[in-house]
Amino acid sequence: MDFEVGAILAGKVTGITKFGAFVTIAPGKSGLVHISEIASTYVSDVREHLSEGQDVTVRVIGVDQTGRMNLSIKSAIAVPTVEPRRPPQPKQATGNTEPTFEDKLKRFMQDSDNKMSGLKQYSDKKGARRRGR
């Protein structure tokens, strides 16, 4: 029986190591699920996610020249489809309108100018006191 890359198969965990788990998918045919292919989150200990004798669903992600199979559990799990983003709809005119970016920028520039003029006046007064002594 020849297993192609991309095939999704049922298997049983037969051995666990610190770098992954061995899964038997047919009599006499097994492959390795590397620790990075066990879950979509960080896996520090394989035994936290898998146990020997556990039935798993795997995807064949590679077969080398000697016939060893690389398997993945996380890519065998159906990935939910993501709806494409829709452009934002223009807001209806209500009493609760949020300011636009341009309005926010104009307000920021006014506040910044006011603060800068206040700092300049303060530094001018401070400098005049030092020179007058």
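Values in this text are rule-based calculations from the coordinates and carry no lab data. Owing to the predicted nature of the structure, the values given are computational and were not obtained by experimental measurement. Neighbour counts run over all protein chains shown; Cβ positions are idealised from the backbone, glycine included.
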Could you work out how far apart the two model spin labels at residue 105 and residue 54 are, taking each label as a point 7 Å from the Cα in the direction of the beta carbon, and quote it in nm?
5.3 nm
Starting from the 7 Å offset along Cα-to-Cβ, what nm value, one decimal, do you get for the label separation of residue 45 and residue 3?
2.8 nm
